[in-house]
Amino acid sequence: MTVQSVARNSGFLHSISEAWNRFRRRRAAAVELQALGNAELERMVRDAGLSFADVLDLARQSGDSASLLYRRLEQAGIDLKALDSAVLRDMQRCCSFCDSKSRCEHDMDTRLDTQPKAAAWPDYCPNRMTVEALGAAKCH
């Protein structure tokens, strides 16, 4: 077996292991929601301003599904602690449901050395207008 084939196999095994771990985390989150009971789950959904379908979709996401948002806010110089909790929660929801996560991560990784921190947010970002408004209001 060559070094390259061993590397490919270990990369493949690592990918399978990561996929399994993501599945287990999503499944655990769904079980946790089911364990709350109907009354508590209804209260939580109402407090968050979400539908039951939204909550189930969020439970299926990885636990760090909004982590790209935090990176973007940091790059824009916006302090998470200064944000209204309802605004942050809505931004987290938008980021969690976004279909452009891989593109977003790629853009941020390639921009680290080539763009200033205040670079404009991409058009595909569902939080672009909110962040631009927060930046204009000097929420940092």
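The values are calculated or read from the model by the stated rules, or taken from the named source; none is laboratory data. Just so it is clear, the model here is predicted, and its values are computed rather than measured. Positions of Cβ are generated from backbone atoms using ideal geometry, with glycine treated the same way; all protein chains shown enter the neighbour counts.
Scan the range 81-90 and tell me whether some residue there is surrounded by fewer than 17 Cβ atoms within 10 Å (Cβ to Cβ), hydroxyl-bearing (Ser, Thr, Tyr), part of a helix (DSSP H, G or I) and modelled with pLDDT under 85. No, that holds for no residue. Residues that are surrounded by 10 or more Cβ atoms within 10 Å (Cβ to Cβ), in contact with a helix residue (DSSP H, G or I) (Cβ under 8 Å, 6 or more places away or on another chain) and at pLDDT below 80 number at least 3 in the following helices (runs of 4 or more DSSP H) confined to the range 1-78: 3-35, 38-48, 52-60.
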